[in-house]
Amino acid sequence: MAEKMTLGLLVGNRGFFPGWLVEEGRKRVLKVLEDLNVNVVTLSTEDTKYGAVENLQDAEKCARLFREHAHEIDGILVTLPNFGDEGAAALAIRMSGLNVPVLVHAFPDELGKMDISHRRDSFCGKISLCNNLVQYGISFTDTTFHVESPESDEFKKDLEQFLAVCRIIKGVKGLRIGAIGARPAAFNTVRFSEKILERHGISVVTVDLSEIIARARAFESKSDRVVHELEKLKKTFNIKKVPSEALERMARLGAAINEWIEQNKVQAMALQCWTALEELYGVVPCAVMSLLSESLLPSACETDIMGALSMYILQLASNKPSALLDWNNNYGNDPEKAVMFHCSNLPVSFFKSCEMSYQEIIAGTVGAENAYGTCVGRISPGPVTFLRLSTFDDEGIIAGFVAEGEFTDDPIETFGGYGVARIENLRSLLRLITKYGFEHHVAANKSLVKEAVVEALDNYLDWEIFTVDGCECHREE
């Protein structure tokens, strides 16, 4: 179940505009938030006139209330039922000390109700408020339309997208990513800067692969953890082709990894998946990683830490599992389609159907008997958002790209976990990837969350995020 979000609500008011509009508007916005199952921290009508902010004293009360609930508040919604006092509203946010996303909303006027008793002038007031926020250095999010009725589909969509932005910002703060084992020697592509991540509040927790293998071997086969992991494997996958010995080794591995994750409060991870694990322990970790990703703990292949971070951010935006895929093959001569592939450890919700088998590529090196545990199947059709983040050491920054598309039903036969993706302007995206040296791995999530991801990463975290529109790629400004 998705975590219930909490917004701080700031209702703006300017005294010489109709006060009844503020009283009514506050109730309408509260009803919309209630319908969306959002907790609200806001001034009461006993705290200030109409529970709104229109002067310095009101701003101080609002700031104090927000500070008292700082540990709960994920974002701030500023709504303007009339023009509002832009200085007081901006000052309340600054004095609160909260460093969370801010959504600025204004009510529309109605034609035929432009007399002194009914006109809002929120259209103009929003411009003044945003001017003050810019002066104060407070980042904020705008609505799709300049003014929107709280009951409109547009505003509800904007709110849901804003909540996704809040989840991303909240989730990235203090994030701990686990790195199990060294990157495979041939994978220079997954190099990254741990120090740049740390500068952004993201810690990488490391453990040697040999320690995890030792933990796995130390578990008793009848221990609660191993029995639990074995039951999950049998319940989730078609295992008729897999020897029981290999299944038990997977269960022990899952028990060891989960124990380490709990002990170190890890929220995403990347694993050295080949070939040491197969040679020393006798299974591939794909099914274990698939279960972790499906349970909303993203697990990336080949110790790709930035891939794990990309998976995690997409998951925060959508509340759905993410996968890590290769940009693997052209799809015939179609310039807007590509075959997406991994060996694979995709979460089971990605597949039309899935069975467990041995990893055909690695089996050529270590033998099929040491390569059981891969998840084989086709990705089901539907929408998809792709995200790749990388650290650029020379510039000292985190940068990435976001794109949306769809998995199709186009015919294809291969092995591993695979699907055909259609992406508009794919050629421009591939030029972007090669020009800036982005990796061949990309995170994927079966949802359309591009706008929320761009807003969170570019506007609030100030990472350099590229998108492809028309025939050009550009950085989001």
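See the values below:
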| read-out | value |
| --- | --- |
| Theoretical FRET efficiency, 1/(1+(r/R0)^6), r = Cβ-Cβ of K234 and D462, R0 35 Å, to 0.05 | 0.15 |
| Gained length - D115 relative to E198, 0.36 nm times residue gap less alpha-carbon distance | 24.3 nm |
| Inter-label distance, nm, simple model (7 Å from Cα along the C-beta direction), E24/K173 | 3.7 |
| Highest average packing first - 363-371, 108-116, Cβ atoms within 10 Å | 363-371, 108-116 |
| Carbon and sulfur %, accessible surface of the stretch 108-232 computed with the full protein complex present, 1.4 Å | 53 |
| Placed amide H near S380: partners under 5 Å, 5+ positions off or other chain | F351, K352 |
| Pairs beyond 19 Å (Cα-Cα), from K173/K265; K31/K113; K4/K61; K320/K446 | K31/K113; K4/K61 |
| 19 Å reach of a label modelled at I397, 7 Å along Cα-to-Cβ, counting backbone N of the stretch 435-458 | 435-439, 453-458 |
| Residue-averaged 222 nm ellipticity for the chain, from DSSP H runs of 4+ at -39500 (n - 2.57), nearest 500 | -11500 deg cm²/dmol |
| Per-bin percent of Cα-Cα distances, the stretch 14-160 [5 Å] | 2, 10, 20, 24, 24, 15, 4, 1, 0 |
| Rounded to whole Hz, the Karplus (6.51, -1.76, 1.60) HN-Hα couplings of the stretch 423-432, x for glycine and proline | 10, 4, 6, 4, 4, 5, 5, 5, 4, 4 |
| 14 Å Cα-Cα reach of K195 towards aspartates and glutamates, excluding residues that sit fewer than 8 places from it in its own chain | D393, D394, E395 |
| Computed FRET value (nearest 0.05) for K61 with D208, which takes r as the C-beta separation and R₀ as 60 Å | 0.65 |
| For the stretch 109-236, the spread of Cα positions along each principal axis, largest first, Å | 79, 39, 24 |
| Nonlocal amide H pairs with T206, under 5 Å, H built at 1.01 Å | A179 |
| Debye intensity ratio in log₁₀ form over the Cα atoms of the stretch 361-453, taken at each q of 0.16, 0.21, 0.24 Å⁻¹ | -0.84, -1.09, -1.20 |
| Amide hydrogen neighbours beyond the local backbone of A300, cut-off 5 Å, H modeled | M269, A270, L271 |
| Kirkwood-based Rg to Rh ratio, the stretch 349-393, C-alpha trace | 1.17 |
| Global geometry of the stretch 310-385, whether rounded, prolate or oblate, following the gyration tensor of its Cα atoms and the 1.5 cut on a/c | oblate |
| At q = 0.12, 0.17, 0.20, 0.22 Å⁻¹, base-10 log of I(q)/I(0) for the stretch 218-333 (Debye sum, equal scatterers on each alpha carbon) | -0.46, -0.89, -1.16, -1.32 |
| Per residue value of the accessible surface for the stretch 349-422 (all protein chains in place, 1.4 Å probe), Å² | 38 |
| Values of log10 I(q)/I(0), in the order q = 0.19, 0.24, 0.26, 0.29 Å⁻¹, for the stretch 401-452 under a Debye, Cα-only, solvent-free model | -0.81, -1.16, -1.24, -1.29 |
| Largest-first ellipsoid semi-axes for the stretch 14-81, taking √(5λ) over the Cα gyration tensor eigenvalues, angstrom | 20, 17, 9 |
| 14 Å reach of a label modelled at D153, 7 Å along Cα-to-Cβ, counting backbone N of the stretch 9-30 | none |
| Distance between the stretch 319-351 and the stretch 51-80 - C-alpha centres, whole angstrom | 45 |
| Rg/Rg_ref, the stretch 294-339, where Rg_ref = 2.2 N^0.38 Å and atoms are Cα | 1.39 |
| Two-site label geometry, T189 and D410: point separation in nm, points 7 Å out along Cα→Cβ | 2.0 |
| For the stretch 277-294 versus the stretch 128-155, the gap between their alpha-carbon centres in whole angstrom | 46 |
| Zone of N264's modelled label, taken as backbone nitrogen in the stretch 171-204 under 13 Å from a point 7 Å along Cα→Cβ | 176-183, 203-204 |
| Ranked by how many other beta carbons lie within 10 Å on average, peptides 281-289, 258-266 from highest | 281-289, 258-266 |
| FRET efficiency for S380 and K4, using Cβ-Cβ distance with R0 set to 30 Å, rounded to 0.05 | 0.55 |
| The stretch 372-414: projected area of the alpha-carbon convex hull, averaged over directions, in nm² | 5.4 |
| Within the accessible area of the stretch 261-322 (1.4 Å probe), percent carbon and sulfur | 53 |
| Semi-axes of the equivalent ellipsoid for the stretch 189-281, Cα gyration tensor, largest first, Å | 28, 15, 13 |
| Order by protection proxy (mean Cβ within 10 Å, highest first), peptides 73-84, 216-227 | 73-84, 216-227 |
| Area projected by the alpha carbon convex hull of the chain, averaged over all directions, nm² | 24.6 |
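The values are calculated or read from the model by the stated rules, or taken from the named source; none is laboratory data. What you are looking at is a predicted structure, and each value in this text was computed from that prediction instead of being measured. A quick note on method: Cβ atoms are made from the backbone with ideal geometry, for glycine too, and the neighbour counts reach across all protein chains shown. Just so you know, the surface numbers come from the protein's heavy atoms only, side chains and all, with ligands and any DNA or RNA stripped out. Shrake-Rupley method; radii C 1.70, N 1.55, O 1.52, S 1.80 Å.
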